[in-house]
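*Asks:* Pasting a structure here, questions to come.
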Amino acid sequence: MRFSALVIAAIAILSASASFAGDLDGTWTGKWGDKASAKVSVSGDKVTSYYYQGSPQKIGSTKASKTGVSFGSGYTVKVTLTGKNTAHASYRSDRGSAEAELVRK
């Protein structure tokens, strides 16, 4: 009985984790440091496009987690859902870092 409860709990946690990234589906826009434009499109657990200052950027690998999605190629961007249509993004690379508040369009 106890084992069954643990299995059910584990399945529920995994299902919630997998579906969280899906909550980010859509196109998100904002500005890095209130200056440079950013646009991130997410479908399921994948980032499908990323634009910086209107120019497409290489996405590299995408990793979905229970708290959001991260991606990058020579840099790392983490996007975390903060509300139904709002998200926080952080950018890190050897050239610096930046923060952005994103809204779903």
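Please treat every number below as a calculation from the coordinates, not as lab data. None of these values were measured; they are calculated from a predicted model. Here the Cβ is made from the backbone with ideal geometry for all residues, glycine too, and neighbour counts use every protein chain on show.
*Asks:* What's the FRET efficiency of SER73 with SER37 using the Cβ-Cβ distance as r and R₀ = 22 Å, to the nearest 0.05?
*Replies:* It comes out at approximately 0.70.
*Asks:* With Cβ to Cβ distances under 15 Å as the rule, what net charge do the other residues near LYS63 carry (K, R +1; D, E -1)?
*Replies:* In short, +3.
*Asks:* A further question on this structure: How long is the gain from LYS63 to LYS46 if the chain were fully straight, where each residue apart is worth 0.36 nm and the alpha carbon distance is subtracted?
*Replies:* That pair, LYS63 and LYS46, stretches by 5.4 nm at full extension.
*Asks:* Which of ASP94, ASP34, ASP45 has the fewest other C-beta atoms within 10 Å, and how do the rest follow up to the most?
*Replies:* ASP94, ASP34, ASP45
*Asks:* Let me know the shape class of the stretch 40-105, please: from the alpha-carbon gyration tensor, a ≥ b ≥ c as square roots of the eigenvalues, rounded when a/c is under 1.5, otherwise prolate if a/b is greater than b/c, or oblate.
*Replies:* Here the stretch 40-105 falls in the rounded category.
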